[in-house]
1. Is it fair to say His445 is open to solvent by 30 Å² or more (accessible area, probe 1.4 Å), under 21 Å from the mean Cα position of the chain (by Cα), of a type outside the set (S, T, N, Q) and at pLDDT 95 or above?
2. Could you name every one of the helices (runs of 4 or more DSSP H) located completely within the range 376-478 that has at least 3 residues being under 30 Å from Pro292 (Cα atoms) and not aliphatic (A, V, I, L, M)?
3. Mind listing just one residue for me: the one in the range 57-85 that is of a type in the set (S, T, N, Q) and open to solvent by less than 10 Å² (accessible area, probe 1.4 Å) and, of those, nearest to ligand 2 (Cβ to nearest atom)?
4. If you go through the range 36-56, how many residues are assigned to a loop (DSSP other than H, G, I, E, B), surrounded by fewer than 21 Cβ atoms within 10 Å (Cβ to Cβ) and not β-branched (Val, Ile, Thr)?
5. Might you let me know whether the range 5-16 holds any residue that is polar (S, T, N, Q) and closer than 16 Å to Leu81 by Cα?
6. Considering only residues that are open to solvent by 50 Å² or more (accessible area, probe 1.4 Å), more than 21 Å from Gln231 (Cβ to Cβ), more than 16 Å from ligand 1 (Cβ to nearest atom) and in a helix (DSSP H, G or I), which ones fall in the range 310-351?
7. Cβ-Cβ below 6 Å, separation at least six or inter-chain, first residue in the range 346-374 and among the aromatic types (Phe, Trp, Tyr), second in a loop (DSSP other than H, G, I, E, B) and open to solvent by 40 Å² or more (accessible area, probe 1.4 Å): which pairs?
8. Find all pairs meeting these conditions: Cβ atoms under 6 angstrom apart; at least six residues apart or on different chains; first residue within the range 279-297 and part of a loop (DSSP other than H, G, I, E, B); second residue acidic (Asp, Glu) and open to solvent by 20 Å² or more (accessible area, probe 1.4 Å).
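The values are calculated or read from the model by the stated rules, or taken from the named source; none is laboratory data. Just so it is clear, the structure is predicted and the values come from calculations on it, not from any experiment. So basically every Cβ, Gly included, is an ideal-geometry build from the backbone, and we count neighbours across all protein chains shown. With ligands, DNA and RNA removed, areas are computed over all heavy atoms of the protein, side chains included. Shrake-Rupley method; radii C 1.70, N 1.55, O 1.52, S 1.80 Å.
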Amino acid sequence: LTRIRYPNLKRGPYANVCDADISNFEKLLPGHGRVITDVNELDGFNTDWLKTCRGSSQVVLRPKTTEEVSALLCYCNDRRLAVVPQGGNTGLVGGSVPVFDEVIISTQLMNNIISLDEVSGILVCQAGCILANLDSYLKDHKFTMPLDLGAKGSCHIGGNLATNAGGVRLLRYGSLHGTILGLEVVQASGVVVDCLSSLRKDNTGYDLKQLFIGSEGTLGIITKAAILCPQKPNAVNVAFLGCDSFNRVLDVFQKSKHMLGEILSAFEFMDAASMDVIQKNLKMHNPIADFPFYILIETSGSNGNHDEEKLNKFLETMLSTQLVNDGTVATDMSKIEAVWSVRERMAEGLMHDGYCYKYDVSLPLLKFYSLVEDMRRHLGSRVTRVVGYGHVGDGNLHLNITTPAYSHEIMDLIEPYIYDWVARHHGSISAEHGLGFKKKQFIYHSKTKSAVKLMQAIKKLMDPNGILNPYKTIPDAS
Ligand code: FAD
Ligand code: S2G
Ligand code: ZN
């Protein structure tokens, strides 16, 4: 699939996996299901979540410990075997699957919680812990994860860190660059970098962990993390509102920050075309009447009465000033989850159209929705739909275009047009999903030549044989 679409792509100067490698891997990973070579089992690991990238790895390795990851990387580095680190394989830019026959190292079996400091809320866990599992473990201890995304049921915290995942709580808890206190990472050589500090403040030398957050598996394999987890909120409310224009959405956003202040924990929007996906493709109900734009606001606080009073006052103001035309408020968990699923299942809903051209961009809020309108004009009736939704609070738009099947012509109409548009408006061509395989060639739309040169020098230093996730994230140094 990948090679059909990218015929000029050449396999790098890597060794091919041979029988001797497989038996060495089996020695390094004793026990059943740790070295997977069965063709049927391999397909899921070789194919990305969007089913748009498929590699041809002959072997998946499933280590349980840092020591095993270290031994595997040392072996692969010496043998010049290319490697793809893989977590939950929910990445959306083709970064988590091989391009050719790279060895897949999966963190599936590295799913131990190591410790939780119940005073400070600092959790230490292995990279293969699934986000939803960490969140429910923490909830039992009156804490919560500082990030939440629609893929929580499958994505690993290691993958979240490797992609510097944003998600729907970034507005409240900030980026992983702030909430991660320490990391343990294994370099291509097998050397273990132990930066697993659990201190909130530690200004001794370069903050190396930051390099690995967002490195997409190209600088090392993250094996453990120390995470500062916020208190679990005592009261959560979700309001789902309808309004007439995107300018109104921005007005409501400004007012929500002003009137809800510190209890605002999420501000998401979706347009009517997005709601159509939810209703038509997933047969779900719109929680309110039909409108051109929808807003999902979540509040999380320590005092339910205080929050409800603030939220009701805010909603009354929004309705009386006609910034909002309709709305509903959910306070019990099941209704809250039902309203959230309308927003969180967008990716799934879009897949029902056939092929999805997915764009995850940062833009100045005043230009935010003009991109969707411009792409609709640009593509017209050649595509099934153009939808816009996303994290308004982070200035992060998810613009998705669908057709019944992949089309080179449509792709050529979209790229680089959309990236040029984003660059012209001083945005970023990838807000939170990373560059992976699909977007790396557009890095210069958002990074200067000198910045990319420095990235290439760091890559050369950290992975001199280029075995870690080749063909991804940054262009090879020319
Ligand atoms: P994978 O997909 O397995 O890998 C992603 C990248 O990280 C690859 O380059 C891989 O090589 C590397 N990697 C994985 N594990 C490690 C490791 N231990 N060490 C080093 N490198 C590693 N993303 C957002 O940011 N915000 C969202 O709101 C969001 N919502 C989503 C909703 C849905 C329904 C889906 C399907 C995806 C969504 N995503 C979102 C994208 C994706 O879930 C995130 O990028 C997530 O962080 C990937 O985690 P993962 O464990 O699945 O990683
Ligand atoms: C989201 C992931 C899914 C998509 O829903 O916030 O980050 O469709 C996205 O892009
Ligand atoms: Zn998102």
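1. Details: open to solvent by 30 Å² or more (accessible area, probe 1.4 Å): yes; under 21 Å from the mean Cα position of the chain (by Cα): yes; of a type outside the set (S, T, N, Q): yes; at pLDDT 95 or above: yes.
Answer is yes for this residue.
2. Values: elements: 408-414, 417-424, 449-462.
In the range 376-478, 417-424 are the helices (runs of 4 or more DSSP H) which contain 3 or more residues that are under 30 Å from Pro292 (Cα atoms) and not aliphatic (A, V, I, L, M).
3. Taking the range 57-85 and keeping what is of a type in the set (S, T, N, Q), we get 57-58, 65-66, 70, 77.
Filter again for open to solvent by less than 10 Å² (accessible area, probe 1.4 Å), leaving 57, 66.
Working: Ser57: 25, Thr66: 30 Å.
Ranking the qualifying residues of the range 57-85, first place goes to Ser57.
4. 5
5. Of the range 5-16, the ones polar (S, T, N, Q) are 8, 16.
Among the residues that remain, those that are also closer than 16 Å to Leu81 by Cα are: 16.
There is at least one residue in the range 5-16 that is polar (S, T, N, Q) and closer than 16 Å to Leu81 by Cα.
6. Answer for the range 310-351, where residues must be open to solvent by 50 Å² or more (accessible area, probe 1.4 Å), more than 21 Å from Gln231 (Cβ to Cβ), more than 16 Å from ligand 1 (Cβ to nearest atom) and in a helix (DSSP H, G or I): Asn312, Lys313, Glu316, Leu319, Ser320, Ser334, Lys335, Ala338.
7. Cβ pairs passing all conditions: Tyr355/Ala405; Tyr355/Tyr406.
8. Ile288/Asp326; Ala289/Asp326; Pro292/Asp244
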